[in-house]
Amino acid sequence: MTFDIRQLNAFLAVVQHGTLGRAAQRLNITQPALSRTIRRLEEQIGAPLFERYATGMMLTSFGQALLPHATLLQREAEQATEEIDALRGLSRGTIRVGAVASAVSLVLPMAIGRVLAQWPNLQVHLLEGVGDLLTDALLTHDIDLAIGVSMPDTADICVIPDCEWHDTSQIIAASTHPLRKRARLRLEDTQGHKWVLPPRGTAPFDELMHLFASRGLPPPDIVVETRSIIAIKSMVAHAGFLSWMPHPMFEAERGAGLADTLPIPGAALQRRLMVFRRTKGILPQPAVKLLDELRLMWASPTR
């Protein structure tokens, strides 16, 4: 079956906007014209793609099956056009990358800066998040590369070899936290104190749970769960919370004398950061340029 990219663009616009009217406005065509395009696509497939309601349109099971393939074909067409236009000097190109906060704090900005120094016309779309968010962004083609601790072991995502770093997660607290008055701190001394962490199911949450379980201790009192790194660091520095965080994420707070690690023996975990991509499809040239720079940084003895 051969698909018309214009029909797929129309299909995806309706999925995104929910109604023919809003999708037609986004595509700058009339609603009857868009309706005919969707009807021709359904006739070609031989099945209805949408259920029509007075309030909008919902995907059928056939539409759900088509959606990931239509998204892939649209992104591949956009990337091909972008790269051809770049060769003709008509386009700037875009690096689409996602990373955990630890990489966003140091490694990724350095790599992006070096790439832009060589190719100043490139643009960058950067997504910060933990593993589940980065996985979804890769699979939906919102990003082309992801830097993280781990990804689901599936046929859709693969790790890129020869490109990794390490960081160390530790317990952090404000410089004025009462635990700092204790000598010879132990992990059990943190019991009864409030914690702020990324949500359950994320790597930091799971790492801390494992640390307490490995010492035969009950779980810590996690009062606040948030994906906001700014909120986590602010609650540690100004509201008396404890947290679990890798260096260099809190380097600014440590430099300002607001927060630092708690000296608890054995309460540290070294993590391996890796680069992931989709298994299928061609990696766009802007992403290749960033990956090349990341590999150079990984190979550097000063990394």
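Structural remarks
- Sorting 8-18, 72-82 by their mean Cβ neighbour count within 10 Å, with the most densely packed peptide first, gives 8-18, 72-82.
- Solvent-accessible area, 1.4 Å probe, carbon plus sulfur percent, for the chain: 54
- Part-to-part distance (alpha-carbon centres) for segment 222-268 and segment 192-217, which is given in Å: 14
- Spin-label model, Tyr53/Ala268: points 7 Å from Cα along the beta carbon direction are separated by 5.5 nm.
- Qualifying trypsin sites (Lys or Arg not before Pro) in segment 90-137, DSSP loop, other Cβ atoms within 10 Å at most 16: Arg92
- Within the set (i) 24.0, 79; (ii) 23.8, 75; (iii) 18.9, 60, the number that Rg and Dmax of the Cα atoms in Å takes when calculated for this structure is listed as (ii).
- A 1.4 Å probe run over the protein chains yields, for the chain, 53 Å² of accessible area per residue, whole-number rounding.
- GNM flexibility winner over the chain from Thr71, Thr94, Thr37 (Cα, springs under 10 Å): Thr37
- Percent antiparallel among DSSP beta bridges (both partners in the chain, rounded to 5): 65
- Highest mobility in the GNM of the chain, judged by mean-square fluctuation with C-alpha springs under 10 Å and restricted to Pro32, Pro198, Pro248, is found for Pro32.
- The chain, helix-only ellipticity at 222 nm - DSSP H runs n ≥ 4, -39,500 (n - 2.57), divided by all residues, nearest 500: -13500 deg cm²/dmol
- Computed with every protein chain present, the accessible area of His247 is close to 70 Å² [probe 1.4 Å].
- Taking label positions 7 Å along the Cα-Cβ direction at both His210 and Ala299, the computed distance is 3.1 nm, reported to one decimal.
- Mean projection area, nm², convex hull over Cα of segment 228-291: 6.9
- Build a GNM of the chain with springs between Cα atoms under 10 Å apart, and of Met151, Met274, Met110 the one that fluctuates most is Met110.
The values are calculated or read from the model by the stated rules, or taken from the named source; none is laboratory data. Note that the coordinates shown come from a computational prediction; the quantities given were computed from them, not determined experimentally. Neighbour counts are summed over all protein chains in view; Cβ atoms, including those assigned to glycine, are modelled from backbone coordinates with ideal geometry. Ligands, DNA and RNA are stripped out before the accessible areas are found, and what is left, the full protein with its side chains, is counted by its heavy atoms. Shrake-Rupley method; radii C 1.70, N 1.55, O 1.52, S 1.80 Å.
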